[in-house]
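Participant: Below is one structure. I have some questions about it.
The values are calculated or read from the model by the stated rules, or taken from the named source; none is laboratory data. Just so we're clear, the structure is a prediction, and the values are computed from it rather than from any experiment. Positions of Cβ are backbone-derived with ideal geometry, glycine not excepted, and every protein chain shown enters the neighbour counts. Note: accessible area is taken over every heavy atom of the protein model, side chains too, but ligands, DNA and RNA are not part of it. Shrake-Rupley method; radii C 1.70, N 1.55, O 1.52, S 1.80 Å.
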Amino acid sequence: MIIPLDLALLFFIVVIAIAAITTKDLLAAIVLLSAYSFLMACVWVEMNSVDVGFTEAAIGAGVTTAFMIAALSRTARWEEK
Amino acid sequence: MSTEKRIQERDVVIQTIAKLMIPFIQLYGLYVMVGTEGAGGGFQGGTVLAASFILLVVAFGVDKGRMKMPEGWNAVFKSLGLYLYAGVGGLLCIIFSLGKAEYLNYCAIPLAKIIGGPATRGFWVGNIVEVGIGVTVMAAFVSIFYDLVRKEEKKEAKE
């Protein structure tokens, strides 16, 4: 467990989470959530739990992004003000 | 047809990379399900298998995806996984434990007396149960994705 790498990953996770909930572009929010899941998978792998890590990478970054983009294609892209 | 036109416009780089990647993704999913000694990994392996089919649909379009993985197979795979799980877990153990009904006790089958309990649980029976879980998870994810894509197609056909 490398403490500076851990802190950097957690810092980026917080920044990406705040960006994902404040943006008005829903496609950008989906891509930011995908990046959030990928960094979360990096954190899991870095904490020596590879099993949880690649599950997070497969579900969070892969399948959920495809589902959300398929759902977004049926609604509007921009959030109403 | 607008769908044929959209298929012809697809990128050759994405299609070639998807063709190269999909067999390895599926092999990795199978390895996660049955390759390791311990229990667990059915849900993860099924998710990786579902991700390979979703990559196929994303790269080649819904029509070719339906050719490779028809929607009717989803119900078959879901039922097959449930039958594998419940059959191995319940039926075999109820039969082989002579009416004591030890549900999900995999050491109750006679194979455990020959090669030992943990080996039976880990290698033989656990792997079949994990394949059941993985097949069900794969079919569920693929059917959710097909449902989302199909409604989009209907909306486009109305327009």
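Participant: Condition check: open to solvent by 40 Å² or more (accessible area, probe 1.4 Å) and farther than 29 Å from B:Arg150 by Cβ. Does A:Val43 satisfy that?
Facilitator: no
Participant: Here's another thing I want to ask about it. Have a look at B:Val76, B:Val58 and point out the one that is at pLDDT 90 or above and either within 15 Å of B:Gly132 (Cβ to Cβ) or open to solvent by 20 Å² or more (accessible area, probe 1.4 Å) (or both).
Facilitator: B:Val76
Participant: Follow-up. If you take the residues in segment B:88-116 that are surrounded by 14 or more Cβ atoms within 10 Å (Cβ to Cβ) and within 14 Å of B:Ile128 (Cβ to Cβ), which one is modelled with the highest pLDDT?
Facilitator: Filtering first and then ranking leaves B:Val88.
Participant: For segment A:1-22, enumerate the residues that are surrounded by fewer than 15 Cβ atoms within 10 Å (Cβ to Cβ) and among the β-branched types (Val, Ile, Thr).
Facilitator: A:Ile2, A:Ile3, A:Val14, A:Val15, A:Ile18, A:Ile21, A:Thr22
Participant: Continuing with this model, one more query. What helices (runs of 4 or more DSSP H), lying completely within chain A, carry at least 1 residues that are touching a Phe, Trp or Tyr at 6+ places or on another chain (Cβ under 9 Å) and within 27 Å of B:Gly134 (Cα to Cα)?
Facilitator: Helices (runs of 4 or more DSSP H) meeting the threshold: A:26-46, A:50-56, A:64-72.
Participant: Here's a follow-up. Only one of B:Arg150, B:Arg121 is assigned to a helix (DSSP H, G or I), open to solvent by 30 Å² or more (accessible area, probe 1.4 Å) and either at pLDDT 70 or above or within 14 Å of another protein chain (Cβ to nearest Cβ) (or both). Can you tell me which?
Facilitator: Residue meeting the stated conditions: B:Arg150.
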